[in-house]
Amino acid sequence: MFKVWGIKAYATEYSVPLADKFDEKYGEGFFDGNNAVGDLSFIFINSNPFLDVPGPKTPKMVRVSGIGIKDLKPLDEYWNRIL
């Protein structure tokens with residue numbers, strides 16, 4: 001079930017709008033989403049490792065959890081003692 005949903009979510013949210021943007025700028029057929037990941041040197045994954053779905057990862061997948069956090073705040077004294 002998840003594999004089907006994951007493929008559908010990838011195709012509808014990322015691949016199609018990205019392909020449309022490349023088609024506007026560089027012409028029809030410039031971007032091929034099926035081969036894009038295989039041609040990359042690295043792919044950055046912004047996800048929470050505690051909530052992420054387990055699965056195989058390749059060395060070219062770099063986890064950058066929390067890259068979207070705008071304001072970093074120091075931990076309070078309670079968490080500083082624990083860590």
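Rule-based calculations on the coordinates, nothing more; no lab input. As the structure is a prediction and not an experimental result, all values here were calculated from the model. No Cβ is skipped: glycine too gets one built from the backbone with ideal geometry, and neighbour counts run over all protein chains shown.
From the backbone phi of the range 18-26, what are the Karplus-calculated ³J(HN,Hα) couplings (6.51 cos²θ - 1.76 cosθ + 1.60, θ = phi - 60°) in whole Hz, Gly and Pro given as x?
With the stated coefficients, the range 18-26 comes to 5, 4, 4, 5, 5, 5, 4, 7, 10 Hz.
For GLU77 and PHE42, FRET efficiency with R0 = 41 Å and r from the beta-carbon atoms, rounded to 0.05?
About 0.60, to the nearest 0.05.
Check ILE45: other-chain or 5+ apart residues with amide H under 5 Å from its amide H, H built from backbone geometry?
Distant-sequence amide H within range of ILE45: VAL62, ARG63, VAL64.
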